[in-house]
Ligand SMILES: [Zn+2]
């Protein structure tokens, strides 16, 4: 089993923790990453995006020793959901937390640290290894924007591991849902609410009537919907002529998501028959994936996890992650999402055990040198 350098891993993780990198402002984190990897003989491509303002990183470590193992893609995201500018992290009883005033940012700096230590220890060893490609993405937390804009001409691997999930190392996400976003613009007729309300047609009233009719919340074991925001109206004494509704639909079943989208759309568009002007737009944010868990790659993942005495579980992701985009956009890609021990992510209670960061690093390192 390949040895990793645990002290260096800890130091890498802590350097990343103190780099501030809210979505869209990842420069500080990127600079720390570029500094950490400067002694590894990597091919480095900055701004690895179709839209070059997105500072995705692409790294490649060439195959060594004629390894016959196919190229592997490792991936994690660089951004955090909130600023960590004022972070005060602590390590107590083996567990990282903050003082409660900020998030920790182990989502996804645990993944970034694991990948960097994996590259370092593989480079130092004399072991043969396949070509290792790395995609560090930006703006994951605001809707997989970095992955969405990634320059996929750079990625030739057909086997991928994203490290970006809560749960214990050994948990492998092999499926994820589709997500549709919808937004609705409703225009009615304004009128004075006290003097001539009968001359008005309230866009707010119509929106609320529609929302009460649409399938809402948990629809079934694999499908959910939500209306997230409503905006409209100008003042108490004016019948509102404008209302805007934003929502989402998620499902692991692509057919269902289309059916529900059609249903919601027709409920809103009915207003066009009764004097409202309604526009309904929906976009597919990402689509579902479900990988075969019996392939050679899956066997490799499970056998290496078992060698490290990890409990291996295949699980379905509740939300979208960069693996959705990789599986959607790269032909014949098998990309899983590995749990790495992060808990209470996106809250100020976020925590992670150092031992879990070590385990996930050992796991990817042993997979890459098998
Ligand atoms: Zn994440």
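The values are calculated or read from the model by the stated rules, or taken from the named source; none is laboratory data. In this text the structure is predicted, and so the values were computed from the model without any measurement. So basically every Cβ, Gly included, is an ideal-geometry build from the backbone, and we count neighbours across all protein chains shown.
Numbers below:
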quantity: Given (1) at pLDDT below 95; (2) over 27 Å from the mean Cα position of the chain (by Cα), number of the condition residue 199 does not satisfy; calculated: (1)
quantity: Residue list for segment 324-345, restricted to those being outside any strand (DSSP E or B), crowded, with 21+ Cβ neighbours inside 10 Å and touching a helix residue (DSSP H, G or I) at 6+ places or on another chain (Cβ under 9 Å); calculated: 324, 325, 326, 345
quantity: Only one of 271, 275 that is more than 16 Å from the ligand (Cβ to nearest atom), under 30 Å from residue 246 (Cβ atoms) and in a helix (DSSP H, G or I); calculated: 271
quantity: Test: residue in segment 125-136 that is under 29 Å from residue 223 (Cα atoms) and out of contact with any helix residue (DSSP H, G or I) (no Cβ under 6 Å at 6 or more places or on another chain); calculated: no
quantity: Identity of the residue in segment 247-258, at pLDDT 95 or above and out of contact with any helix residue (DSSP H, G or I) (no Cβ under 6 Å at 6 or more places or on another chain), that ends up surrounded by the most Cβ atoms within 10 Å (Cβ to Cβ); calculated: 247
quantity: Of all residues in segment 316-333 being more than 15 Å from the ligand (Cβ to nearest atom) and within 22 Å of residue 166 (Cβ to Cβ), the one that is modelled with the highest pLDDT; calculated: 327
quantity: Lone qualifier among 75, 106 - being assigned by TED's automatic domain parsing to the domain that holds residue 301, touching a residue at least 60 places away in the same chain (Cβ under 8 Å) and more than 17 Å from residue 10 (Cα to Cα); calculated: 75
quantity: Sole residue being within 12 Å of the ligand (Cβ to nearest atom), modelled with pLDDT of 95 or more, under 21 Å from the mean Cα position of the chain (by Cα) and over 27 Å from residue 284 (Cα atoms), chosen from 76, 114, 110; calculated: 110
quantity: Filtered residues of segment 85-103 (kept if within 16 Å of the ligand (Cβ to nearest atom) and under 14 Å from residue 13 (Cα atoms)); calculated: 96
quantity: Any hit, segment 307-315, residues being within 16 Å of the ligand (Cβ to nearest atom), crowded, with 23+ Cβ neighbours inside 10 Å and under 19 Å from the mean Cα position of the chain (by Cα); calculated: no
quantity: Identity of the residue in segment 149-178, surrounded by fewer than 23 Cβ atoms within 10 Å (Cβ to Cβ) and within 15 Å of the ligand (Cβ to nearest atom), that ends up nearest to residue 315 (Cα to Cα); calculated: 171
quantity: Candidate set: segment 228-268, residues that are touching a residue at least 60 places away in the same chain (Cβ under 8 Å) and part of a strand (DSSP E or B); chosen: the one farthest from residue 143 (Cα to Cα); calculated: 244
quantity: Matching entry among 12, 84, 69 (being in contact (Cβ under 8 Å) with a residue 60 or more places away in the chain, in the same structural domain as residue 163 (by TED's automatic domain parsing) and out of contact with any strand residue (DSSP E or B) (no Cβ under 9 Å at 6 or more places or on another chain)); calculated: 12
